[in-house]
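The structure appears right after this line, and notes come after that.
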Amino acid sequence: MDHSDDDHPATPTDRDWHDDELGRWPDRADVVVIGAGLAGLTAAAAATRAGARAVVLDAHSGGGRAAVRRVALSGTSGAAVFNDGPRALYLGGPGHEVLRRLGIRPRGHKPPTRGSRVSLEGRIDDLPVGLASLGRSGVVPGRAKPTLVAALAALMAGRPASARPDEPASAWIRDQSRGRDDVAALVAALFRVATYTADLDQLSAAAAVPHVARSLRRGVLYLDGGFEQLLDSLRSVATGADAPVAVHRHVAVSRLEQTVDGGWEVQCRDGRTVRAGAVVVAAGGPAVAADLLDLPELVDRSGPPATAACLELAVAGPVPTRFVLGVDEPLYLSEHSPPADLAPDGVRVVHVARYGATGAVADRARLESLASAAGIDPGDVVARRFLRRMVVQTAIPSVDHGGLVGRPRVAVADRPGVFLAGDWVGPVGMLADASLASGEAAGSLAAMAVVGGAATVRSVVA
Ligand SMILES: Cc1cc2nc3c(=O)[nH]c(=O)nc-3n(C[C@H](O)[C@H](O)[C@H](O)COP(=O)(O)OP(=O)(O)OC[C@H]3O[C@@H](n4cnc5c(N)ncnc54)[C@H](O)[C@@H]3O)c2cc1C
């Protein structure tokens, strides 16, 4: 699963993942959760809060795509935290709301918008999102600026209500840009950075517009310690409950078999089994769930993945341009630390990415050249990782699949007691927002199925 071309040794963090030692192999549990990523740990936290005894099984070392790596810094004894690509928590989004309900307050910092730049035809210019930068920026000519202001106002004011699930985001952008390609290109760049989706012809406008609008209005947080902070917090909630959740890692589930009493036998690749009253499948994308449940239609009903090529840099020197958004190319560069705490004093962590990975050699060369254009001196780079193809979202809410409302539901028809969670499940949110929202609903419903009506399903995703 590691798609990296490492220049520096990177170690997955193993801190605090010692729950396997909490006890013996459980022959029986109220709820078995398959997958210890954001969705699975949220499901486990929600299930245990609702009074169920839950067990989490993960095929790998846990954390899934939210796990971080510690990377040694050349010439020092220090290390930086790399997130495996740029990560930001969407403030006020469905995921943030789930965390709040679980009593988790994410610690991090909003990136400053001052000094943000765009890259267009090889030039770096001001990103015209505020009044001052709009006046200065040469990205759109003066006569197009009123149209840009109107398009941004439509987005920020929440006119998204008009967007339909089968309307492509690209069509919505064209409408708001009133035939001006320069305005449309700039608005499309804002959609890409907020949704991580390069293919705006496939992305449902009804899914994307509220997400982009909220991220512009409320902003994002770069988390201290990276997304691992969320994993740690979710695990504290799950393992700190009256009936603590046990997490067993390096255990791959191979099959689910319904038992005569209406429960489920969870079969693992190493031959072990666990009996469960209910099961949450939070194992990444639709392909694994389809395989475990023998339901190939889960794949057919899901959109294509969103991928990215990512370059992560630790820089012991100045980063003259802290944020660059590609307008004519799907590119991104941002200094994540500072503001977040990911590296020792004096070292900066910079993420560079291409939305939609195309090929390792060309993507890497383009990302390195964007870093140079942002003023980063290669001699100052003390750690570097290139990740040639990361699956950012396992299935985008696509126009061909009915957008968010067309995604597979949390409760699986014909599989009573089985619930799905992940960034491809349920009608709420994109990316980690969807994993957290569907995880909360799946864990609550699974607990309800086993221990009765104490659980409250907050998100209407069943
Ligand atoms: C480069 C990149 C940038 C991103 N940036 C953002 C961002 O800025 N904001 C945002 O909101 N989201 C972002 N995301 C998306 C976010 O990280 C994911 O949506 C989220 O982490 C997915 O969590 P999950 O639990 O649904 O799935 P995963 O993290 O994929 O977890 C699935 C888990 O299931 C386990 N598993 C698989 N098969 C089995 C099996 N058979 N048995 C047992 N276990 C199994 C896996 O080992 C894994 O741990 C980004 C993702 C990437 C890759």
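Among the residues of the stretch 232-287, those that are of a type in the set (Ser, Thr, Tyr) and touching a helix residue (DSSP H, G or I) at 6+ places or on another chain (Cβ under 8 Å) comprise SER233, THR239, SER254.
Selection over the stretch 60-87 of residues that are away from the ligand (no atom under 16 Å from the Cβ), farther than 21 Å from SER236 by Cβ and either assigned to a strand (DSSP E or B) or β-branched (Val, Ile, Thr) (or both) gives a count of 4.
For residues that are within 17 Å of the chain's Cα centre (by Cα) and not small (Gly, Ala, Ser), scanning just the stretch 279-308, find the one that is nearest to the ligand (Cβ to nearest atom). By that ranking, first place goes to THR307. Does ASP328 qualify as being among the acidic types (Asp, Glu) and more than 28 Å from LEU203 (Cβ to Cβ)? For ASP328, the condition - among the acidic types (Asp, Glu) and more than 28 Å from LEU203 (Cβ to Cβ) - is not met.
Here THR42 does not qualify as closer than 28 Å to HIS211 by Cα, of a type in the set (Ser, Thr, Tyr) and part of a loop (DSSP other than H, G, I, E, B).
With closer than 15 Å to ARG235 by Cβ, more than 12 Å from the ligand (Cβ to nearest atom) and touching a residue at least 60 places away in the same chain (Cβ under 8 Å) as the only criterion, which of ALA36, ALA45 stands out?
When all the criteria are applied, what remains is ALA45.
Select from the stretch 98-113 the residues that are within 13 Å of the ligand (Cβ to nearest atom) and either without any contact (Cβ under 8 Å) to a residue 12 or more places away in the chain or within 21 Å of ARG348 (Cβ to Cβ) (or both) and list them in ascending order. Within the stretch 98-113, GLY108, PRO111 qualify. Of all residues in the stretch 217-229, those satisfying the criterion of being within 17 Å of the chain's Cα centre (by Cα) and either more than 12 Å from the ligand (Cβ to nearest atom) or part of a helix (DSSP H, G or I) (or both) are GLY219, ASP224, GLY225, GLU228, GLN229. Within the stretch 195-206, does at least one residue satisfy the condition of being farther than 19 Å from LEU91 by Cβ, touching a residue at least 12 places away in the same chain (Cβ under 8 Å) and surrounded by fewer than 16 Cβ atoms within 10 Å (Cβ to Cβ)? Yes, the stretch 195-206 contains at least one residue that is farther than 19 Å from LEU91 by Cβ, touching a residue at least 12 places away in the same chain (Cβ under 8 Å) and surrounded by fewer than 16 Cβ atoms within 10 Å (Cβ to Cβ). If you filter the stretch 404-430 down to residues that are surrounded by 24 or more Cβ atoms within 10 Å (Cβ to Cβ) and at positive phi, you find that the one that is farthest from the ligand (Cβ to nearest atom) is GLY426.
The numbers here are math on the coordinates, done by the rules we state, and not lab data. Here the structure is a predicted model, which is why all the values come from computation and not from measurement. Backbone-built Cβ (ideal geometry, glycine too); neighbour counts: all protein chains shown.
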